[in-house]
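Presented below is the structure to which this report refers.
The values are calculated or read from the model by the stated rules, or taken from the named source; none is laboratory data. Only a predicted model underlies this, so the values are computations on that prediction, with no experimental measurement involved. Using ideal geometry, Cβ is built from the backbone for each residue, glycine included, and neighbour counts are taken over all protein chains shown.
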Amino acid sequence: MASLTTAFPNFTWNNSIDYHAERVDAYEAVAMALVLLFGLMGVIGNGILVCIVLLNPDMRSVPNILIASLGLGDFFVVITSVPFTFVSYLYNIYPFSSAVCKFANAVPIVSHGVSVFTLSALSYDRYTAIVRPMQRRKSNAVRRTYAVAVTIWALSVTLGIPTAILAKRDVFHFQGFEIAICYALPVNLTLEGAVPTTAAKVHEVVRCLIMFVIPLAIITMYYMLIAMQLIQSSKAIPCEGHGDSRQLRARRRLARTVLVLVVIFAICWIPHFVYRLWFQFAFSVEVFDSLGMFILSTGSFLLTYANSCINPIALCFLSKTYRRYFARYLCCIRVRKLSHVRVARTNMYQMTPGTPTSTIYNYNKRSGDGSLRGSSVETKTCTV
């Protein structure tokens with residue numbers, strides 16, 4: 001996550017004596033407590049999220065499969081990064097091998113890629129469900145979604161390879177101390193500090209474009225098209241059936257849920273990229289050594305961890321079905337079953353893409369969206 005990995009991203013050659021001042025120690029202690037808290041929440045929340053989809057066949061709709069993949073990526077980064085970060089903090093140096101250094105720095109890149117590309121896929125899924133429903137119906141959407149998830153993971157692993165290659169563990173001596181540092185990106189060590197290299201600058205710019213700016217621009221475009229379609233559809237609702245109005249509201253709720261996940265991702269990662277680009281292109285020892293910059297760098301570091309645990313919480317707030325399942329797995333509360341339709345199909349993802357005259361009452365088989373076409377479903381089962 002950072003170019004210099006000891007306990008936290010900050011370290012320079014000439015400030016090793018003052019760096020662990022009393023105030024900074026207090027901030028680090030609070031930060032590590034938050035890292036452990038985020039780690040615990042991430043393991044539990046994302047673990048349950050993945051289990052909900054894996055253990056309940058009726059939850060394997062297109063959006064749920066993608067959300068489970070998103071949760072798996074967050075689970076992966078939490079169980080690998082948190083232990084390394086915590087141990088590094090305790091030792092105040094990097095105690096692991098060079099191979100672990102490369103692995104530990106590549107994992108967050110992979111998880112980041114899974115997150116942003118999965119959110120892009122979710123946005124496209126909502127776009128096709130709302131704007132181009134007939135196109136969606138022509139294909140086996142669920143099977144294709146598994147292929148999309150595998151492709152996203154493969155692409156993310158590929159994008160993590162350069163970081164694994166560039167990451168390096170160095171040991172040097174300073175004022176009688178032996179200091180081990182894991183560099184996520186190559187730097188030039190001088191008496192004034194660690195100066196970024198050209199390779200590091202190129203890496204950060206390319207990563208920022210491919211794994212942040214471009215995906216968010218694509219997501220924004222999809223949501224602009226979705227908004228235009230929903231505005232047009234809302235004008236036609238008074239002339240259509242009650243089922244169509246309810247179906248449109250359900251689709252709108254799901255689109256809103258995906259948008260919330262995207263906004264959370266952006267908020268958590270914008271400070272990270274601002275700090276990383278500043279470090280690469282506007283590095284200043286005076287600013288870097290300041291307490292304010294330490295707080296900014298540590299805060300951006302913590303936000304990336306927070307992003308790995310917050311999605312399950314957001315889903316619990318936004319989806320009644322996910323709330324019921326989380327209650328079931330956390331508190332052993334039994335999920336209410338419906339005799340005439342399986343409960344998972346009445347969740348926030350029950351939106352059947354179809355023609356303007358189709359409703360959710362008279363269906364006989366599953367659509368590509370993973371919806372269940374069954375006999376009369378009560379209106380209340382379609383709410384989130």
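Okay, here's what the table says:
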{"item": "Any chance Ser308 is crowded, with 16+ Cβ neighbours inside 10 Å, under 23 Å from Asn105 (Cα atoms) and at pLDDT 90 or above", "result": "yes"}
{"item": "Considering residues of segment 247-262 that are over 15 Å from the mean Cα position of the chain (by Cα) and surrounded by fewer than 19 Cβ atoms within 10 Å (Cβ to Cβ) only, the residue farthest from Ser300 (Cα to Cα)", "result": "Arg249"}
{"item": "Count of segment 277-289 residues which are surrounded by 16 or more Cβ atoms within 10 Å (Cβ to Cβ), of a type outside the set (Val, Ile, Thr) and part of a helix (DSSP H, G or I)", "result": "4"}
{"item": "Whichever residue in segment 143-183 is modelled with pLDDT under 85 and aliphatic (A, V, I, L, M) and, among such residues, is farthest from Val100 (Cα to Cα)", "result": "Ile179"}
{"item": "Segment 68-92 residues that are free of Cβ contacts under 8 Å to residues at least 12 places away in the same chain, paired with ones that are surrounded by fewer than 20 Cβ atoms within 10 Å (Cβ to Cβ) (beta carbon under 7 Å, 6 or more apart)", "result": "Val87/Pro95"}
{"item": "Failed item, numbered, when Tyr127 is tested on (1) part of a helix (DSSP H, G or I); (2) within 30 Å of Ala200 (Cα to Cα); (3) touching a residue at least 12 places away in the same chain (Cβ under 8 Å)", "result": "(2)"}
{"item": "Of the criteria (1) among the small types (Gly, Ala, Ser); (2) in contact (Cβ under 8 Å) with a residue 12 or more places away in the chain; (3) over 16 Å from Val110 (Cβ atoms); (4) not in a strand (DSSP E or B), which one Gly160 fails", "result": "(3)"}
{"item": "Subset of segment 263-276 that is surrounded by fewer than 21 Cβ atoms within 10 Å (Cβ to Cβ) and within 14 Å of the chain's Cα centre (by Cα) - its residue that is nearest to Thr128 (Cα to Cα)", "result": "Val263"}
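Residue by residue, here is whether (1) modelled with pLDDT of 60 or more; (2) assigned to a loop (DSSP other than H, G, I, E, B); (3) more than 26 Å from Trp278 (Cβ to Cβ) holds:
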residue: Ala2; (1), (2), (3): no, yes, no
residue: Tyr19; (1), (2), (3): no, yes, no
residue: Arg23; (1), (2), (3): yes, no, no
residue: Leu36; (1), (2), (3): yes, no, yes
residue: Ile44; (1), (2), (3): yes, no, yes
residue: Val82; (1), (2), (3): yes, no, no
residue: Thr85; (1), (2), (3): yes, no, no
